[in-house]
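The block underneath contains the structure these notes are about, expressed in structure tokens.
None of the figures in this text is laboratory data; all of them are computed from the coordinates on show. Remember, predicted model here, so these are calculated numbers, not experimental data. Positions of Cβ are backbone-derived with ideal geometry, glycine not excepted, and every protein chain shown enters the neighbour counts.
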Amino acid sequence: MSDKLMLLDTASLYFRAFYGVPDKVKSADGTSVNAARGLLDIIAKLVKLYEPTHIVACWDDDWRPQWRVDLIPSYKAHRVVELVPAGPDIEEVPDPLEAQLPIIREALRLLGIPIIGVAQHEADDVIGTLATRSTMPVDIVTGDRDLFQLVDNDRGIRVIYTARGMSNLEIVTDETVVKKYGVLPSQYADFATLRGDASDGLPGVAGVGDKTAATLLQAHGDIAGVRAAAEAGEGMSAGIRAKLLAASGYLDVAPTVVEVARGLDISCPSDPVRALDPAEADAATDLAERWNLGSSMDRAIAALGR
């Protein structure tokens, strides 16, 4: 079996599990465990379907980095419940999910799946760096379209897109992005910058939607080319030119916010997925019994040991 790295957008997956798995089964102390159980089942399914030899759980050490907020103050502002001047802002996370995060981290540790996060950066930035540096093909598992910018057929980097649910996984390749959006993956960050993204608090250029953004990038290559054409008054209508020129301040900073980091001080773990030894399996089973994770842990252990 050829080596393959699987990068998990962990928060995307545990949020999906939390909202997708009924909150009926709890631990003995009443703690909800639907997100933990659901995430373990997601991992078991992904491993069986796509057979990665290496897995990393990429973590949001800072889900709303200040350096991005400094550039665009509205960035993810609608999801903030408390501003923290000296650290990461508090994200709107339901209490029953928040209580499960330590359980999730411990379960991943006992399964031998490394968790990697970087201060002042999001999981997307960890994924961007590890995918860029990987010497093996990469599957990125996420429900976040922002990571389409990393897709690269030549390097074997694709996205396993979860937005339609775990029963309707979509493999996103160069062809997928071109067919759906009319731009190459390498242009996707500029496309998102131009059209905006309400889910991330990115305003975009007023009056520029998907079609116009794609048309501009098809004609001019990237945002730098689009702006140069607007300043020269060439290759676009007067109306679009006026909209781009009016958004010059936004376009000065937005590409830095939208583009994922690719140069963080981290490296790809060298240890492959493997079967747990008896002592490790016992520890994982003990955790499952303590928190009533049931057969979800058994399925994860079995999948990783294949």
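Using packing as a proxy for protection, rank 58-68, 270-280 so that the peptide with the highest average count of other Cβ atoms within 10 Å comes first.
By packing density, highest mean first, the sequence is 58-68, 270-280.
For the chain: lysine pairs with Cα atoms under 27 Å, gap of 8 or more or different chains, count?
Count of close lysine pairs: 17.
Put a dot 7 Å past each Cα toward the Cβ at Ile90 and Arg164; how far apart are the dots in nm?
Taking the two extended label points, one gets 3.9 nm.
Testing the spin-label approximation: label points 7 Å from Cα along Cα→Cβ at Lys180 and Ser2. State their distance in nm.
2.3 nm
With a/c under 1.5 counting as rounded, go ahead and sort segment 25-87 into rounded, prolate or oblate using the C-alpha gyration tensor (a ≥ b ≥ c being the square roots of the eigenvalues; past the cut-off, prolate if a/b is larger than b/c, else oblate).
Oblate shape, in that a/c is at least 1.5 and b/c is the bigger or equal ratio.
Counting only other residues whose beta carbon sits under 12 Å from that of Pro137, what net charge do I get with K and R as +1, D and E as -1?
-2
Could you check what % of the DSSP bridge pairs in the chain are antiparallel, to the nearest 5? Could the numbers behind the result be given before it?
On the way: 8 of 24 bridges.
For the chain, the DSSP antiparallel bridge percentage is about 35.
Report the Stokes-Einstein translational diffusion coefficient (µm² s⁻¹, integer) for segment 185-258, Rh taken as the Kirkwood radius over Cα pairs, at 4 °C with viscosity 1.567 mPa s.
It comes out at roughly 109 µm²/s.
Compute the signed sum of charges (Lys and Arg +1, Asp and Glu -1) over the other residues within less than 15 Å, Cβ to Cβ, of Phe191.
Charge balance near Phe191 sits at -3.
Stretch Gln218-Glu106 to full length: gain in nm at 0.36 nm per residue minus the Cα-Cα span?
Result: 35.7 nm gained on full extension.
Pull out the extension gain between Arg290 and Ser270, defined as 0.36 nm times the separation in residues minus the alpha carbon to alpha carbon distance; nm, one decimal.
Full extension of this stretch gives 4.1 nm more.
Between Ala228 and Asn153, with labels modelled 7 Å along Cα→Cβ, what's the label distance in nm to one decimal, could you check?
2.7 nm
I'd like to compare 157-170, 5-18: which one has the highest average count of other Cβ atoms within 10 Å, and what's the full order after that?
5-18, 157-170
Among Gly235, Gly117, Gly182, which one moves the most in a GNM of the chain with springs linking Cα atoms closer than 10 Å?
In this elastic network of the chain, the residue with the biggest mean-square fluctuation among Gly235, Gly117, Gly182 is Gly235.
Would you mind putting 89-102, 138-151 in packing order, based on average other-beta-carbon counts within 10 Å, highest first?
For the peptides 89-102, 138-151, the packing ranking is 138-151, 89-102.
Tell me, how many Å apart are the Cα centres for segment 58-110 and for segment 111-167?
If you average the Cα positions of each part, the centres end up 18 Å apart.
Return the ratio Rg/(2.2 N^0.38 Å) for the chain, where Rg is computed over Cα atoms only.
Rg over 2.2 N^0.38 Å, computed on Cα atoms: 1.07.
Near Ser296, within a Cβ-to-Cβ distance under 15 Å, what is the net charge of the other residues, with Lys and Arg +1 and Asp and Glu -1?
My count for the surroundings of Ser296 gives +2.
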